[in-house]
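The values are calculated or read from the model by the stated rules, or taken from the named source; none is laboratory data. Keep in mind the model is a prediction, meaning the values are calculated, not measured. All Cβ positions, even for glycine, are placed from backbone atoms using ideal geometry, and neighbour counts span all protein chains on display. Surface accessibility is based on the protein's heavy atoms, side chains included, excluding ligands, DNA and RNA. Shrake-Rupley method; radii C 1.70, N 1.55, O 1.52, S 1.80 Å.
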Amino acid sequence: MENFDWTSFTKTIAIKAKISDIYNAWTIADELEKWFLEKVSFFNDNQKPIDKDQNVSEGFTYEWLWHLYKDSMLGKITTANGKDYLQFTFEGNCLVDIKLSETNSYTIVELRHHNIPTDDYSKQYIRLGCSNGWHFYLTNLKSVYEGGLDLRNKDENLNPMINN
């Protein structure tokens, strides 16, 4: 563990879908709710909610809520270029970069989660915990956009599992 990078990680997945569809999956509230979150609210520069079918822009803020969890996450869209790159804050001052590219009719999604603090809590819950979480949610993004099957557990009668 001496050379382990506690400050960042990268996950990559290939999805057989148009790059524009995958960009929208990350930047439109209605689309994020299909594969990632229970409830998504985006707010413009004036802190007014935007329509759930509208793409976010740089400087917008968000409030996200996951299925089966009561605490929401607040953050900010730091970059959104409208086609293949998005960056947002996550878990405080951490950053998540989403880079999209096309290869052989696939959209390649590269997620880089970085700027992770190195205190013990952040090492356990952000570096290790979020790495596992992003692994599942990227798999669910692929499942939803390639075949329509949402793999998330949304049943309140079941304890949280690896799929939520």
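So that you can scan it fast, the table gives a plain yes or no per residue for (1) part of a loop (DSSP other than H, G, I, E, B); (2) open to solvent by less than 70 Å² (accessible area, probe 1.4 Å):
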site	(1), (2)
PHE88	no, yes
LYS99	no, no
ILE116	yes, yes
LYS123	no, yes
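Quick check on region 68-86: of everything there that is part of a loop (DSSP other than H, G, I, E, B) and either within 30 Å of PRO160 (Cα to Cα) or in contact (Cβ under 8 Å) with a residue 40 or more places away in the chain (or both), which residue is most open to solvent (accessible area, probe 1.4 Å)?
It comes out as LYS70.
Considering only residues of region 28-49 that are over 20 Å from VAL96 (Cβ atoms) and assigned to a loop (DSSP other than H, G, I, E, B), which is least open to solvent (accessible area, probe 1.4 Å)?
Here the residue is ASN44.
Yes or no: ILE19 crowded, with 16+ Cβ neighbours inside 10 Å and free of Cβ contacts under 8 Å to residues at least 24 places away in the same chain?
Against the criterion (crowded, with 16+ Cβ neighbours inside 10 Å and free of Cβ contacts under 8 Å to residues at least 24 places away in the same chain), ILE19 does not qualify.
Of all the residues that make up region 50-62, how many are part of a strand (DSSP E or B) and either open to solvent by less than 40 Å² (accessible area, probe 1.4 Å) or free of Cβ contacts under 8 Å to residues at least 24 places away in the same chain (or both)?
Residues flagged as part of a strand (DSSP E or B) and either open to solvent by less than 40 Å² (accessible area, probe 1.4 Å) or free of Cβ contacts under 8 Å to residues at least 24 places away in the same chain (or both) within region 50-62 amount to 2.
Among the listed residues LEU128, LEU95, LEU149, identify the single one that is free of Cβ contacts under 8 Å to residues at least 24 places away in the same chain, open to solvent by 20 Å² or more (accessible area, probe 1.4 Å) and in contact with a helix residue (DSSP H, G or I) (Cβ under 6 Å, 6 or more places away or on another chain). Walk me through how you get there before you give the answer.
Values: LEU128 fails: in contact with a helix residue (DSSP H, G or I) (Cβ under 6 Å, 6 or more places away or on another chain); LEU95 fails: in contact with a helix residue (DSSP H, G or I) (Cβ under 6 Å, 6 or more places away or on another chain).
Every option except LEU149 fails the conditions.
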